[in-house]
Every structure is written in C-alpha cells, then in structure tokens.
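Read through the structure below, which is laid out as structure tokens, and then see the notes.
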C-alpha cells in the first residue's frame, strides 16, 4: 500500500498557505489526505442549480437554472483551452482547461452541453477545490447542429 511522503505533504501545505489557498487534498493510491488551512469560518455555499418557487396551492415547483457551473476538481493553477470563451459551444466531457498542482496536470471537462455563458477564472488564476471556473448555458443546443 503506497503511503504519502511527508516532505511532499509539507511542501503542498506550504505552497497552499503561501498562495492563499485554504484547502488541500492529496490522493496516492488508496491513501488520501485532506486539510483545511486557517480558521476562516464556514465555507461559502456553492451556487445552487435549482430552487423552489411557491406554487398556487401552497405547493412548491422546482425551478432549474439553465446555467451549469464547470467546477474545479482540484487545487492549483488553472490554464484554459481556446474553447473556453464566452459564446463557444461545448459538449459534456469536452476538455476546457487544466489545473496544474505540484507539477501534475489534471484536465477540466465541461459538466454539461451548451454555450459558455461566463468565464469566472482567468488563465493562470489560482483555483480551489469545487470553485466554479465557468458557467454553461444549457438552454442552448450546445452546437448540436454544428
């Protein structure tokens, strides 16, 4: 069973602290480590893609937002692809960028098909786990006719 090298762990925590990140997650094989750095209070809630609106007879009707976030699945430096610009069609699973941490690159893929409505992180920006990078408008056809 592989174990996490303590020097690597110490380095990851130092880099996270120096760059202002507040969460570190490392997985090697079956071994994992996660830490929250500092005491900044509770994490802000991520945007909700659906909510409830009061219905006519006191019931609720779910309302789904057509904007679906593309979220970071790791901590590091974000590098976007040419197809991550406002107005560009993407398909679910398309590579839209990469996050580099500790010299390891992890692909960022579109979580839904549609048209990029907003880019929230610039190329070279620092991202945290779960941070929205862009929003995809799913009410568009996502280039299905292209």
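Where in the range 42-146 are there strands (runs of 3 or more DSSP E), lying wholly inside it, with at least 2 residues that are farther than 29 Å from residue 25 by Cα and modelled with pLDDT of 90 or more?
114-119
Any residue at all in the range 24-41 that's closer than 19 Å to residue 120 by Cα and at pLDDT below 80?
no
The values are calculated or read from the model by the stated rules, or taken from the named source; none is laboratory data. Nothing here was measured: the structure is a model prediction, and the numbers come from that model.
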